[in-house]
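Following: one structure in structure tokens, then a few remarks.
The values are calculated or read from the model by the stated rules, or taken from the named source; none is laboratory data. Computed from a prediction, not measured in an experiment: that's the story for all the values here. Ideal geometry is used to build each Cβ from the backbone, glycine not excepted, and the neighbour counts take in all protein chains shown. Remember, those area values only see protein heavy atoms, side chains included, never the ligands or the DNA or RNA. Shrake-Rupley method; radii C 1.70, N 1.55, O 1.52, S 1.80 Å.
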Amino acid sequence: MSEETWLIVGLGNPGPKYAATRHNAGFMVVDLLAERVGGKFKAHKSRCDVVEGRLAGVRAVLAKPRSYMNESGGPVKALRDFYKVPDARLLVVHDELDIDFGAVRLKQGGGDNGHNGLRSITRSLGSKEYLRLRFGVGRPPGRMDAAAFVLKDFAVPERKELPYFLDRAADAAEAVLTSGLGAAQNTFHAP
């Protein structure tokens with residue numbers, strides 16, 4: 001892989017009220033990546049908090065928009081434009097209802113699958129061709145509304161396993177940077 005900069009954006013909602021919710025899985029993964037880089041988030045004029053550094057030897061900017069999830073597009077576009085990163089080196093980390101809890105799926109492009117954060121980003125970028133790291137949070141039980149489900153904290157049994165799955169998702173992000181999307185998919189999509 002080249003020495004060019006990568007942009008890894010975790011999606012979530014700001015503030016302590018949302019910190020431990022399923023919808024903030026993207027923030028959680030990017031927080032772990034920031035620990036690996038050894039950096040602290042700082043406010044950026046893009047309306048994102050950012051950490052710049054080397055992740056697995058590759059220059060990376062880690063970011064968390066300070067907007068609410070459904071308004072992520074503006075800050076992500078501003079950050080992408082500031083660092084002049086093409087969509088092919090933009091990796092968005094987000095929660096995914098249609099994937100079992102803790103599973104990781106990687107892809108480039110595609111629809112938003114009802115995810116308001118992705119919808120906002122796609123609209124603002126004018127492109128669907130950015131990379132996605134989808135962190136499975138599973139489906140809501142019974143007839144629970146999906147929007148209510150993602151704004152709830154992880155269940156107690158999930159919280160016990162969550163650090164392992166977040167670590168694995170962070171490993172998958174690093175693999176995309178160092179080995180490329182195809183190789184990372186082959187490693188992390190295996191059963």
### Query
Per-residue HN-Hα couplings for region 58-73, Karplus 6.51 cos²θ - 1.76 cosθ + 1.60 at θ = phi - 60°, whole Hz, x for Gly and Pro?
10, 5, 9, 10, 9, 9, 10, x, 8, 7, 6, 3, 6, 10, 5, x
### Query
Can you list the residues, at least 5 places off or on another chain, whose amide H is less than 5 Å from the amide H of L133, using H built in the peptide plane?
V92, V93, H94
### Task
Sticking with the crude label model, points 7 Å out along Cα→Cβ, report the distance from E52 to D87 in nm, one decimal please.
2.6 nm
### Task
Write down the accessible area per residue of the chain in Å², having rolled a 1.4 Å probe over the full set of protein chains.
46 Å²
### Message
Could you work out how much longer the chain between I99 and D145 gets when fully extended? Use 0.36 nm per residue separation minus the Cα distance between them, nm to one decimal.
### Response
14.9 nm
### Query
Taking Cα atoms of the chain, Rg/Rh with Kirkwood Rh, to two decimals?
0.93
### Query
What residues of region 12-30 lie in the reach of a label at E71, counting those whose backbone N is under 17 Å from a point 7 Å from the Cα along Cα→Cβ?
12-18
### Summary
Rounded to a whole %, the carbon-and-sulfur portion of the accessible area of region 71-191 at a 1.4 Å probe is 51 percent
### Query
Residue by residue through region 137-142, which ³J(HN,Hα) values in whole Hz follow from phi under the Karplus form 6.51 cos²θ - 1.76 cosθ + 1.60 (θ = phi - 60°), with glycine and proline marked x?
10, x, 8, x, x, x
### Summary
Dividing the helical contributions, -39500 (n - 2.57) per DSSP H run of n ≥ 4, by the residues of the chain yields a 222 nm value, nearest 500 deg cm²/dmol, of -11500 deg cm²/dmol
### Message
What does the charge count around A103 come to, taking other residues whose C-beta lies under 12 Å from its C-beta (Lys +1, Arg +1, Asp -1, Glu -1)?
### Response
-2
### Task
Count the net charge of all other residues whose Cβ sits under 9 Å from the Cβ of F188, scoring Lys and Arg as +1 and Asp and Glu as -1.
+1
#### Entry: Cβ-defined net charge surrounding R123, 12 Å radius [Lys, Arg +1; Asp, Glu -1]
+1
### Query
What is the antiparallel percent of DSSP beta bridges lying wholly in region 68-191, to the nearest 5?
45 percent
